Structures are given as structure tokens and as C-alpha cells.
Amino acid sequence: MKAQYGILRLKKYKGQTVSWIEAHNERQKESYASNPDIHLERSKFNFHLVEPQGKYLGEADRMIREAGCRTRKDSVKVVEALITASPEFFEDKSQKKIRLFFQRAVDFMKTRQDEATYISAVVHVDEKTPHMHLCFVPITPDDRLSAKEIVGNKKDLTKWQDDFWSYMVKFYPDLERGESASKTGRAHIPPRLFKDAVHLGKLQDKILDLIRDPNPLTAKKRAVEVEKLLGKYIPRAENLMSSMKKINRAIKELKAEVKVLEKEKEASQESVLRKMEIMQQLQELEELKELIENIPDEILDTYKNNKNLRKENEIAYEY
């Protein structure tokens, strides 16, 4: 019998990227160009083992606030555990047995992280291999926000994988231990671009709030603040736009790698891990691309109007 592997991966998320994974996990988009494996007509069969009580970022901020955690601008607010097994494991398994597998995986996670910090645990069965995205806020038992302590280093990630396998093999004796993320992970996404995108998203939200504020008494003050924020926003947006070739090339390369993996007659443990990693990277790249290509018209119009006003003032000053 072909080997069946249990797989656990952990990934950290900051700021705006938390909203990106929410859109993917909760199937909030009408289409997913980055992931041809998703069949939206089957998404109605996806199910939650932990129901989100609100927006991921909002829930994370609430838990952090209630725990009294100290934070930094670049704090990791959400950790996602991606849990699955090799495709052969799920062959001929009923929906009930698939649910039971992932419920036991949630039970394992409870041995490592307080369930009160869980935001969502959703199982996707609308892709080729069933898998679960369990998102939690990395709050320690003594109420500190520390993904570094909870997730740890490469050695700690190996321990996570060992403990996961030891727990699951009690129920599924044929399940073998998967490779740790430290051995199989490969980086395709330039981290700087995502850091810039997070800052751009925050600036965008601030500018839109100021533009849309209807209070006439603060209009002058808001206009000054908008002008100041636009001075930061536009250069960042232009820098990201200049990276579109790099982003499109990365998307093309990743999609090509997926096609190669799909041509394999038998899905190996490494290929399953790699494909799931690629799909996550494609999702993030597509979200980044969408952010760059869809700068709100309100911001662009305000920038153009302010630019024209500045020119008129310069001409008037010359005369």
C-alpha cells in the first residue's frame, strides 16, 4: 500500500495579510484565478469546526485587547495551521470520516494552543485534497502576543510535526510522519513587496476614511491630513506598480510548477506539500496584484485635484 502522510504546516500573518487569508479561507470571492483546483460549485460542502465570530483581523484585535497584550506595528496577529494528509488517505472516505479526521486534528491543536484563541477552523472539500485552515491568535498562557514563542524555530517546527503525527497515529495506524516545513519549504514571494503592500493598505484605509468623512467643520483639517498621507501613499503605490513584471513572472512560474506536479502519476508526500504551498503563494500574489491594480478612484481623483490646485497656486504666486 502506498504511504499515507499526515501533514501540518504553520504560517504567520501580519496586518493586511490577515484579511487576504480570510477571503480565501471563507470563500468570500466569486472566483479564484490563482487556484484552478477550487471548484466553487462544491464550496457548499465545506464546513467549519470553529465558526468565525467576526472578521479575522477584528477578532484578533479583540482577543489581543482583552488579553492586554503589548503589540508592535509588525506584530504577528494570526497563525494559520494548514492540516491535511496525502490524497491516498482520503480515498473512499465518507464525509463523516473526513470530518472525524479533522476534528481529531483540532483536538491535537488544543493540546498545543488554547482554543479560546481560535478564530476559525474551516475544512475545504472543494479542492482535490481535503484540508483544514485553522487560524488562531498567538497569545501565550501568560497573556503575551508571541508567535515566535508558540511557533518557534526550525527545531520547534519539527517537534510540532512529531507531536502531530504521534497524536494522529493513535487513531490512524497507517499514517506516516510528513516532512517538516523547514525541510520542504521554498520561498517564491519577495517579502519586501508584501511589507510595502501592508503599509499601502493601511494608508489607503486612512485616506478613504478622511475623504468620506461628511463633517464640514473638520474639512480643512482633513484636507491637510489627506495631502500629507498622499505624499506617502503615491510613491509606495508607484513602487509596487513597478514590481508588476516581477509579480506576474512569479505567478507564471508557480502555475507552471503546478502543471508539472499534476502530471505525476503518483502524488508523493513532497509533491502534496509543495502544491499546497504553491497554492497559498499564488493566493497571496493574486491578492497583492489586485491591491496594486485596483487603487480606489476616490484616492486618484483627490490626488489629481490636489496636484492641479498646487499648480494653480504656483502660477498665481508667480504672477
Going residue by residue through segment 212-233, is there one that turns out to be in contact (Cβ under 8 Å) with a residue 24 or more places away in the chain, under 27 Å from Gly15 (Cβ atoms) and exposed (fewer than 12 other Cβ atoms within 10 Å of the Cβ)? yes
Here are some residues: Ile83, Ile98. Which one is touching a Pro at 6+ places or on another chain (Cβ under 6 Å), within 28 Å of Glu262 (Cα to Cα) and of a type in the set (Val, Ile, Thr)? Ile98
Could you go through segment 245-256 and let me know if any residue there is modelled with pLDDT under 80, within 20 Å of the chain's Cα centre (by Cα), buried (at least 18 other Cβ atoms within 10 Å of the Cβ) and of a type outside the set (D, E, K, R). no
Here are Lys232, Lys263: which of them is out of contact with any strand residue (DSSP E or B) (no Cβ under 9 Å at 6 or more places or on another chain), of a type in the set (Lys, Arg), over 30 Å from Glu88 (Cα atoms) and assigned by TED's automatic domain parsing to the domain that holds Glu290? Lys232
Of all residues in segment 40-59, which are in contact with a Lys or Arg (Cβ under 9 Å, 6 or more places away or on another chain) and more than 15 Å from Glu115 (Cβ to Cβ)? Leu40, Ser43, Asn46, Phe47, Gly54, Tyr56, Leu57
Matching option when the condition is over 26 Å from Lys159 (Cβ atoms), modelled with pLDDT under 80 and surrounded by fewer than 20 Cβ atoms within 10 Å (Cβ to Cβ), among Lys2, Lys73, Lys97: Lys2
Scanning segment 105-147 for residues that are of a type in the set (D, E, K, R) and out of contact with any Lys or Arg (no Cβ under 9 Å at 6 or more places or on another chain), which turns out surrounded by the fewest Cβ atoms within 10 Å (Cβ to Cβ)? Asp142
Of the conditions (1) assigned to a helix (DSSP H, G or I); (2) acidic (Asp, Glu); (3) closer than 16 Å to Leu145 by Cβ, Asp74 fails just one. Which one is it? (1)
For helices (runs of 4 or more DSSP H) lying entirely in segment 150-231, having 1 or more residues that are within 26 Å of Gln281 (Cβ to Cβ) and at pLDDT 90 or above picks out 154-168
Starting from segment 155-167, take each residue that is touching a residue at least 12 places away in the same chain (Cβ under 8 Å) and assigned by TED's automatic domain parsing to the domain that holds Asp107 and list its partners that are surrounded by 19 or more Cβ atoms within 10 Å (Cβ to Cβ) and among the polar types (S, T, N, Q), counting only C-beta distances under 9 angstrom and pairs at least six apart or across chains. Leu157/Ser180; Thr158/Ser180; Trp160/Ser180; Gln161/Ser180; Asp162/Ser180
Please work out which residue is modelled with the highest pLDDT, limiting yourself to segment 36-60 and to residues that are part of a helix (DSSP H, G or I), surrounded by fewer than 16 Cβ atoms within 10 Å (Cβ to Cβ) and of a type in the set (D, E, K, R). Lys44
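The values are calculated or read from the model by the stated rules, or taken from the named source; none is laboratory data. These numbers were taken from a predicted model, which means no experiment stands behind them. Reconstructed Cβ throughout: ideal geometry from the backbone, glycine too, with neighbour counts over all protein chains shown.
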